[in-house]
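Below is one structure; the comments refer to it alone.
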Protein chains: 4
Amino acid sequence: MGMVGGGAGGFIGDLHRKSAALDGEVHLVCGAFSSDPAKCAQTGRDCFLDSSRVYPAWRQMLEAEAALPEPERMELVSIVTPNDLHLPVASAALEAGFHVICDKPVARNLAEALKLEQAVESADGLFAVTYTYLGYPMVKEARRRVAAGEIGEVRKVYVEYLQGWLSNRIEQTGHKQASWRTDPERSGPSGCMADIGTHAETLVAYVLGEKISSVCALLARTIEGRPLDDDGDVLFRTESGVRGVLSASQICSGEENDLTIRIYGDAGGLEWRHGDPNTLWQKAQGRPATRLRAGTDQDYLSESARMHCRTPAGHPEGYLEAFANIYRNFARAIEAHRNGRDPDPLFDYPGIEQGVSSLAFVDAVLNSHANGHAWTAISHGSASQ
Amino acid sequence: MGMVGGGAGGFIGDLHRKSAALDGEVHLVCGAFSSDPAKCAQTGRDCFLDSSRVYPAWRQMLEAEAALPEPERMELVSIVTPNDLHLPVASAALEAGFHVICDKPVARNLAEALKLEQAVESADGLFAVTYTYLGYPMVKEARRRVAAGEIGEVRKVYVEYLQGWLSNRIEQTGHKQASWRTDPERSGPSGCMADIGTHAETLVAYVLGEKISSVCALLARTIEGRPLDDDGDVLFRTESGVRGVLSASQICSGEENDLTIRIYGDAGGLEWRHGDPNTLWQKAQGRPATRLRAGTDQDYLSESARMHCRTPAGHPEGYLEAFANIYRNFARAIEAHRNGRDPDPLFDYPGIEQGVSSLAFVDAVLNSHANGHAWTAISHGSASQ
Amino acid sequence: MGMVGGGAGGFIGDLHRKSAALDGEVHLVCGAFSSDPAKCAQTGRDCFLDSSRVYPAWRQMLEAEAALPEPERMELVSIVTPNDLHLPVASAALEAGFHVICDKPVARNLAEALKLEQAVESADGLFAVTYTYLGYPMVKEARRRVAAGEIGEVRKVYVEYLQGWLSNRIEQTGHKQASWRTDPERSGPSGCMADIGTHAETLVAYVLGEKISSVCALLARTIEGRPLDDDGDVLFRTESGVRGVLSASQICSGEENDLTIRIYGDAGGLEWRHGDPNTLWQKAQGRPATRLRAGTDQDYLSESARMHCRTPAGHPEGYLEAFANIYRNFARAIEAHRNGRDPDPLFDYPGIEQGVSSLAFVDAVLNSHANGHAWTAISHGSASQ
Amino acid sequence: MGMVGGGAGGFIGDLHRKSAALDGEVHLVCGAFSSDPAKCAQTGRDCFLDSSRVYPAWRQMLEAEAALPEPERMELVSIVTPNDLHLPVASAALEAGFHVICDKPVARNLAEALKLEQAVESADGLFAVTYTYLGYPMVKEARRRVAAGEIGEVRKVYVEYLQGWLSNRIEQTGHKQASWRTDPERSGPSGCMADIGTHAETLVAYVLGEKISSVCALLARTIEGRPLDDDGDVLFRTESGVRGVLSASQICSGEENDLTIRIYGDAGGLEWRHGDPNTLWQKAQGRPATRLRAGTDQDYLSESARMHCRTPAGHPEGYLEAFANIYRNFARAIEAHRNGRDPDPLFDYPGIEQGVSSLAFVDAVLNSHANGHAWTAISHGSASQ
């Protein structure tokens, strides 16, 4: 694997590297970590890379690696830059014959995402997007239980992702993350909704097995002078008519990273909270709630949930393991592809379709808000369908 | 105190009686508990009442009690009937010179509520409405902390009240509560939003010290054939511009009675959950969250919170105590009124203004929903203001 | 009911009065609340008592009330004094023909408890001791589930009662409760173990349906100069050989009133925590834990649990309701006694046998500690058996 | 790094490998994974090892690796076998000039541990033992807060480690872990106390900064026919006189892996639970409890805690990360050793001293139990002191 972005000091590059390393199925062999040569070189050393494969720019990396003999060269490009580089780097990497794994959202806006989708379709390589929360075992269990009808016909969903880190205008204090995430040029036309609202949206789509199809949205720029939304609430309906509420905020002072989903059907409910990710609650009217717990030894869980655990119940697994599940599953899909096999559906990962859906969702949210909070349909009839 | 409604078998009459009895400041002396004479008599016996003061109908009770010499006769009428009787009984009781404490909502709709407001204004007696949750000590603490600026300027509120008891059509199985609560004639034009949405709305108004001023609402009748809403979500703004989301549902299978409020300001947040009512969380970005706990001995709490506890920290108090706080406070206001004194603001209770506000909120929610979920202003310019 | 002790300002008298009042089945008619005449009179006024029945001393109360015609006079004496008065007041009250309900422990030491047991056996009246926690519905559910074999043969129990209120020497700052509870003359030879350790011990005996039969104890007087134990740990075995650990402490700075019990059998476990008293956890190896919840509407609970709830699930009940359950049940036993009927076993309450057992436990703990922490058998062969 | 033990199918080898890989500072280069040649080879392939460095036996691995030129050969041996092989493999590896990281306990009994200590002292290489829980950031924070006097003079500790996986006799069903852990030949004279009791013991010693010095113990073999203890409770005192209770059990049906520690001083308390490992509670009498949370961005935490986090607050880290912290810190100590530098005390790890202490603790527990549960001193005057 080669990495684009993720220079020392940032959080996300390190996260991708550790997650990729955890299971020993992906090896970092090269990188173009930063436009700052010193930082790039330092990151290469920190990663114990051969200095000849630490590149000053991503174009050079693609070119030089493509020129290496096959057993040596990288197979996969990991893109961990701000959003504005996702489309150019991913398109070029795919065109050069590499597989691509990209941080979310896949692009700044729907138009870019659709271009990327075309690039994926034209390429031989595979594409993954790191919607991390879909890698959690108990999220997979929730999806399976909904699909199996354990809570009956689904009626209502509540999903929220609350943070507090932008509750003050820290983007003006030199905070690097805050700076690009609140800059429309680098992030795109939505801030909070694109950054974390899409995590909530993909979670809904994954657990329900169907997409959000219309929205009524209220966005806010809470902090004076901030050019992008930092808070938003969306009433929504899914394709099958499930009603829902999605709240995303970065100005909830004191909140950490609290993604929560609750789903109610005519025969029961499910609840999953990122603050306690190894637990899934199942409820039903008139019966005691049950607390399902992750673990390789939990025979009552689906095979899907168990295959995404690494330890028996009671050994907490967390964010890095969820992230690692996406890397491992994508590595296995690449291996299957290399060997001309079909990928094993147990080892699923989010791909370009989810990447495009998310930006279609954001697009509709922006339109609804701009249009007096009118109910706005989401067109999922993208080129790929 | 005399009671109208609350015959043996129902839940709410017993609740009012126990709550009124807890502190020894209110004594039940008479009642017109049921239109079924046998049930009415039985309830009277269960309450150890003199059979001469167990009346077959509420009009008779008002008349007979008014005729008794002052030291003997009831001072206060407690109304625990379905909503359709609230206005006639309360108006008549006030006119007959009694104080009135009424279950919520105060009437079936805004028009009735405004009539009741006029009756209260014309009468000498006092009026209270049992929005129970306002009686919890830690709700009072939250109100005080917001008012004191401890979380800075408030920006965002999330409030929800989720139940599961109407997730099936139990109103057709002879379930008495479900039967009248889903009947427009007895309940009014809203089901869930009037029944529990108003608990959420009053909680917001109480904690923030300001009213909800506009709403964008989506209501649902989840169960086929049910004539009233059993689920709804409301985006709202308050008078000062705070944004919020209010969710109320009776079809969340497996949920009990889960009223939760979270408030975020520019300097921190507060969280209170009915499932753990003796705890109030205070949060702030960059600092550890603190867990405030109810108790007569908690010197760090406001006097208001401590005066509404009965035990030192660690002795759980609950729903009956919150209810009892409203009864006790109203009893003290009556005593002050009797003695020509001003009521002590520490011993507050919800009155007609809140009763009217709640139905104005429901009215706007119904209008917004009917009008394509358009943002709809709430007129709080009632006769009393 | 007449009350001895419980003058204004104290916590426990008020608690007994409110709990007795809650269900409307017990009425306070007289009292000897304090040896301080002003305080006694004030308490009488606060309780709306006729001043003729507010007595300056308990002996006078017993005498005067015994002289009243039966329909007027009190039936029941509630004793809420420090421990040193329990034996004399209870004995005299029983001898005078009254029923007695007494705060715990029933006496200062085992010898006194055995004397009281003789007095109870000689009297016609009934006797109850307010081991409050036995009144909680989910404690009753735990007892029933153990008895029904739902967790199989019991092997191990962990029980603890941790407080922090004596973590400093507040008994020297005029704190009334602290003052008598750390005074051997008034409390007896044990402090913490008699005061709260016995709550833990009775909880074990109640839930398991068998007594603790031997102990190995370590007591401590953490605060220099404090004459009684303020902390202790006890390894124990029950009559049937269940092993256990009991910890009681009043010097755990920051803890409130945290009684917790966990019981494990060969087929599962149960857990109850006073901090969340409406929940009982049931666990079993290889299966998801289930969260059982109190409520009149919880059909999966035993009749015993449901009969001790007042509200449907989701309306928190707490300490006062648990206390009230003991008063209500004792009132029903008195009524059955009055009518020559057998008491209904559903409405159980702790009696003299439990009162004596607790002091036998404390006696053994003190002996074990004094004897180099040797394993010490508890003699339950009291006069009554 | 070379690994001894950890053949495919087992849990612990994989855990060590993933934890070592996470931070990219340790690389597995060879292994002697199993005495079963097929399994050994398969594990080598699963780990992408060169087959020439997958050895049929550990002695061969030590010999062959020692013969390789320095830049190629392994520096570190990781021992993940049952306990009986710890001493022979570790001694031989140290003698051959390798560093050693060993699963816990370091040996079957105190005598073996003391021999190992001598081997460590005679060798140039470093030695670590994987008491995993000492790698958690919030455990490190607890240690620092105790040392800084934030809870005052410590008085009391409660620690427990409860599991349920041996609540039935699964060792007779072919369960590999259960089989050797209940076999005295392979495990040593203690089962539960050596396996998980020592986790609790090391946690106490680490957080308090002092050792347990005397014990009064009750052990049990709950399951008939099981040759080793599967449950035990220990009253203890530390060197400075802190009192404590340690409970370890493997027969608590339904429990997972619940290590919990609570420490109380004269100025407050701390609580950490493995079920929620990113949280540390700090309490103090009369003040609200505060909830400290792990995260690289938590400025209120000590540098020590922050340096052992990989993500900002709100991204759960777990067991693998705690384990990885021990590997990373040991790798850094090895690097410092290689370069003739002193190790950085921030990057601490448990060493032979803790390994010996733990077996001295187990030895005393066994003696106390055998000797009628007598208080038994622990001699920490080992050869190394």
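The values are calculated or read from the model by the stated rules, or taken from the named source; none is laboratory data. Please read all numbers here as calculations on a predicted model, not as lab measurements. When we count neighbours, we look across all protein chains shown, and the Cβ atoms used for this are built from the backbone with ideal geometry, even at glycine. The area values use the complete protein model at the heavy-atom level, side chains included, leaving out ligands, DNA and RNA. Shrake-Rupley method; radii C 1.70, N 1.55, O 1.52, S 1.80 Å.
I need the full set of residues from the stretch B:181-220 which are among the polar types (S, T, N, Q) and either away from chain A (no Cβ under 14 Å) or open to solvent by 30 Å² or more (accessible area, probe 1.4 Å) (or both), in order please. Reasoning before the result, please.
Step one: filter the stretch B:181-220 for residues among the polar types (S, T, N, Q), giving B:182, B:187, B:190, B:198, B:202, B:213-214.
B:Thr182, B:Ser187, B:Ser190, B:Thr198, B:Thr202, B:Ser213 - these are the residues of the stretch B:181-220 that are among the polar types (S, T, N, Q) and either away from chain A (no Cβ under 14 Å) or open to solvent by 30 Å² or more (accessible area, probe 1.4 Å) (or both).
Just checking, how many residues over the stretch A:86-110 are part of a helix (DSSP H, G or I) and touching a Gly at 6+ places or on another chain (Cβ under 7 Å)?
As a first pass, look at the stretch A:86-110 and keep what is part of a helix (DSSP H, G or I): A:86-95, A:110.
Now narrow it down to the ones that are touching a Gly at 6+ places or on another chain (Cβ under 7 Å): A:94.
Residues meeting the conditions: 1.
What single numbered condition from (1) in contact with a helix residue (DSSP H, G or I) (Cβ under 8 Å, 6 or more places away or on another chain); (2) surrounded by fewer than 20 Cβ atoms within 10 Å (Cβ to Cβ); (3) not acidic (Asp, Glu) fails to hold for C:Val80?
Condition not satisfied by C:Val80: (2).
Failed condition for A:Asn168, given (1) assigned to a loop (DSSP other than H, G, I, E, B); (2) touching a strand residue (DSSP E or B) at 6+ places or on another chain (Cβ under 9 Å), with all others met?
In the conditions (1) assigned to a loop (DSSP other than H, G, I, E, B); (2) touching a strand residue (DSSP E or B) at 6+ places or on another chain (Cβ under 9 Å), A:Asn168 misses (2) alone.
Being closer than 12 Å to C:Ala374 by Cα and either among the charged types (D, E, K, R) or open to solvent by 40 Å² or more (accessible area, probe 1.4 Å) (or both) is the filter here; which residues of the stretch D:362-377 pass it?
Within the stretch D:362-377, D:Asn371, D:Gly372, D:Trp375 qualify.
Could you tell me which residue of the stretch C:94-110 is most open to solvent (accessible area, probe 1.4 Å), considering only residues that are touching a Leu at 6+ places or on another chain (Cβ under 6 Å), touching a residue at least 40 places away in the same chain (Cβ under 8 Å) and among the aliphatic types (A, V, I, L, M)?
Per the criteria, the residue is C:Leu110.
Which one of these is facing another protein chain (nearest Cβ under 10 Å), of a type in the set (A, V, I, L, M, F, W, C) and crowded, with 24+ Cβ neighbours inside 10 Å: D:Leu162, D:Leu134?
Unique residue meeting the criteria: D:Leu162.
So is C:Glu150 of a type in the set (Asp, Glu) and modelled with pLDDT under 95 or not?
Numbers: of a type in the set (Asp, Glu): yes; modelled with pLDDT under 95: no.
Judged against the criteria, C:Glu150 is not a match.
Can you report the number of residues in the stretch B:213-238 which are assigned to a strand (DSSP E or B) and closer than 14 Å to B:Ser368 by Cα?
Pass one, the stretch B:213-238, residues assigned to a strand (DSSP E or B): B:213-220, B:231-238.
Still in the running and closer than 14 Å to B:Ser368 by Cα: B:213-220, B:232-237.
Of the residues in that region, 14 qualify.
Which count do you get for residues in the stretch C:297-343 that are more than 14 Å from chain B (Cβ to nearest Cβ), of a type in the set (D, E, K, R) and under 26 Å from B:Gln177 (Cα atoms)?
Adding up the residues that qualify gives 1.
So which residues in the stretch A:173-222 are touching a residue at least 60 places away in the same chain (Cβ under 8 Å), polar (S, T, N, Q) and out of contact with any helix residue (DSSP H, G or I) (no Cβ under 8 Å at 6 or more places or on another chain)?
Scanning the stretch A:173-222 gives A:Gln177, A:Ser213.
Which condition does A:Ser368 not pass, out of (1) in a helix (DSSP H, G or I); (2) small (Gly, Ala, Ser); (3) more than 14 Å from chain B (Cβ to nearest Cβ), if it passes all the others?
(3)
Return the total of residues in the stretch C:140-156 being touching a strand residue (DSSP E or B) at 6+ places or on another chain (Cβ under 9 Å) and surrounded by fewer than 24 Cβ atoms within 10 Å (Cβ to Cβ).
Start the filter on the stretch C:140-156 by keeping residues that are touching a strand residue (DSSP E or B) at 6+ places or on another chain (Cβ under 9 Å), which leaves C:141-142, C:145-146, C:149-156.
Of the ones still in play, those that are also surrounded by fewer than 24 Cβ atoms within 10 Å (Cβ to Cβ) are C:145-146, C:149-153.
Here the count works out to 7.
So which of C:Thr260, C:Thr279 ends up being under 28 Å from D:Ile251 (Cα atoms), out of contact with any His (no Cβ under 9 Å at 6 or more places or on another chain) and surrounded by fewer than 21 Cβ atoms within 10 Å (Cβ to Cβ)?
Details: C:Thr260 fails: out of contact with any His (no Cβ under 9 Å at 6 or more places or on another chain).
Exactly one residue qualifies, and that residue is C:Thr279.
Hey, can you tell me all the residues within the stretch B:141-159 that are within 30 Å of A:Glu153 (Cα to Cα) and either at the interface with chain A (Cβ under 10 Å from one of its Cβ atoms) or hydroxyl-bearing (Ser, Thr, Tyr) (or both)?
B:Tyr158
State all residues of the stretch B:1-38 that are under 20 Å from C:Asp297 (Cβ atoms), open to solvent by 30 Å² or more (accessible area, probe 1.4 Å) and at pLDDT 95 or above; if no residue qualifies, say none.
B:Arg17, the sole residue that qualifies.
If we keep just the residues of the stretch B:221-233 that are open to solvent by 10 Å² or more (accessible area, probe 1.4 Å) and at the interface with chain A (Cβ under 10 Å from one of its Cβ atoms), which is farthest from B:Val362 (Cα to Cα)?
B:Ile223
When you scan the stretch A:293-312, how many residues do you find that are surrounded by fewer than 22 Cβ atoms within 10 Å (Cβ to Cβ) and either in contact with a Phe, Trp or Tyr (Cβ under 7 Å, 6 or more places away or on another chain) or aliphatic (A, V, I, L, M) (or both)?
2
Take the conditions more than 30 Å from D:Leu259 (Cα to Cα), of a type in the set (D, E, K, R) and touching a Lys or Arg at 6+ places or on another chain (Cβ under 7 Å) and apply them to A:Asp344. Does it pass?
Details: more than 30 Å from D:Leu259 (Cα to Cα): yes; of a type in the set (D, E, K, R): yes; touching a Lys or Arg at 6+ places or on another chain (Cβ under 7 Å): yes.
The answer is yes for A:Asp344.
Among (1) touching a Lys or Arg at 6+ places or on another chain (Cβ under 7 Å); (2) open to solvent by 10 Å² or more (accessible area, probe 1.4 Å); (3) more than 9 Å from every other protein chain (Cβ to nearest Cβ), where does A:Gly254 come up short?
Result: A:Gly254 passes all but (3).
What number of residues within the stretch C:1-58 are in contact with a Cys (Cβ under 9 Å, 6 or more places away or on another chain), among the hydrophobic types (A, V, I, L, M, F, W, C) and within 12 Å of another protein chain (Cβ to nearest Cβ)?
The qualifying residues number 2.
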